Structures are given as structure tokens and as C-alpha cells.
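These notes concern the structure reproduced below.
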Amino acid sequence: MKLFLDSSTNYLYLALYSDKEIAHYVRNGKNDHSETLIDALDVFLKNNDLTVDELDSVYVGRGPGSYTGVRI
């Protein structure tokens with residue numbers, strides 16, 4: 001299972017893929033991704049009956065975007 005994660009823009013985006021999209025989550029943030037990402041990821045994985053150990057790879061957005069959003 002692949003996790004796609006992007007927090008570099010106003011939107012926090014999470015998605016799970018295998019051979020196709022399994023699930024996705026989008027949240028319009030208010031420059032608060034650093035405060036909400038971990039909880040959102042935890043809930044997202046639990047809602048899809050997954051743990052971090054079950055992920056094969058993690059893909060992250062590189063930006064451009066806010067400095068904090070890219071660092072997360």
C-alpha cells in the first residue's frame with residue numbers, strides 16, 4: 001500500500017493507493033497543518049484498517065508551498 005501526502009499548500013491531502021486509489025482525505029487548512037497532520041493521518045489509517053507498518057512506501061509533495069508546509 002502506498003501513502004501519498006501533501007501539506008505544502010492550503011490543502012492537506014492524504015491518499016492510499018494499491019493498483020488504484022483506495023481512499024483519500026482532503027482538508028482545507030488555515031496554516032495549521034503542523035498541528036493537524038499527525039491526528040489526521042492516524043484517523044485516516046484507522047478508518048482504512050491500516051497501520052504504518054503496512055505501508056510499502058510514502059510519497060510526499062515537495063511544493064512549492066509555505067515553508068512550514070513543505071517541512072512537515
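3J(HN,Hα) along the range 48-62: 10, 6, 10, 10, 4, 5, 8, 7, 7, 7, 10, 10, 10, x, 9 Hz, from the Karplus curve 6.51 cos²θ - 1.76 cosθ + 1.60 with θ = phi - 60°, whole Hz, x for Gly and Pro.
Counting only protein heavy atoms and using a 1.4 Å probe, what share of the accessible area of the range 1-48 belongs to carbon plus sulfur, as a whole percent?
Heavy-atom surface of the range 1-48 belonging to carbon and sulfur, 1.4 Å probe: 48 percent.
When only the Cβ of Lys, Arg, Asp and Glu is charged (+1, +1, -1, -1), the dipole of the chain relative to its Cα centre reaches about 340 debye. Working note: Karplus 6.51/-1.76/1.60 with θ = phi - 60° gives the range 39-47 the couplings 5, 4, 5, 4, 5, 4, 5, 4, 5 Hz, where Gly and Pro are set to x.
Model label sites at residue 34 and residue 60, defined 7 Å from Cα along the beta-carbon direction, differ in position by 1.4 nm. Out of [x] 11.8, 32; [y] 12.8, 42; [z] 13.2, 37, which label holds the value of Rg and Dmax of the Cα atoms in Å that was computed here? Evaluating Rg and Dmax of the Cα atoms in Å on these atoms matches [x].
Report the one residue of 8, 22, 47 whose Cα lies farthest in the direction of the positive end of the charge dipole of the chain (charges on C-beta: Lys and Arg +1, Asp and Glu -1; origin at the Cα centre). Value computed over the given set: 8. Label positions at residue 27 and residue 51, each projected 7 Å from the Cα along the C-beta direction, are separated by 2.3 nm. Computed with a 1.4 Å probe over protein heavy atoms only, the accessible surface of the range 1-45 comes to 60 Å² per residue. The residues 50, 16, sorted by heavy-atom accessible surface at 1.4 Å with ligands and nucleic acids left out, run 50, 16 from largest to smallest. Taking the Cβ of residue 12 as the center, what net charge do the other residues with Cβ under 10 Å away carry, scoring Lys and Arg +1 and Asp and Glu -1? It works out to a net charge of -1. Within the full protein context, the accessible area of residue 49 is estimated at about 130 Å² for a probe radius of 1.4 Å.
Given H placed on each backbone N at 1.01 Å, which residues far from residue 22 in sequence or on other chains put an amide H within less than 5 Å of it? Long-range HN contacts for residue 22: 16, 17.
The values are calculated or read from the model by the stated rules, or taken from the named source; none is laboratory data. Bear in mind that the values here come from a model prediction, so they are computed numbers and not experimental data. Here Cβ is always computed from backbone atoms with ideal geometry, including for glycine, and neighbour counts include all displayed protein chains. These accessible areas exclude ligands, DNA and RNA; they are computed on the full protein's heavy atoms, side chains included. Shrake-Rupley method; radii C 1.70, N 1.55, O 1.52, S 1.80 Å.
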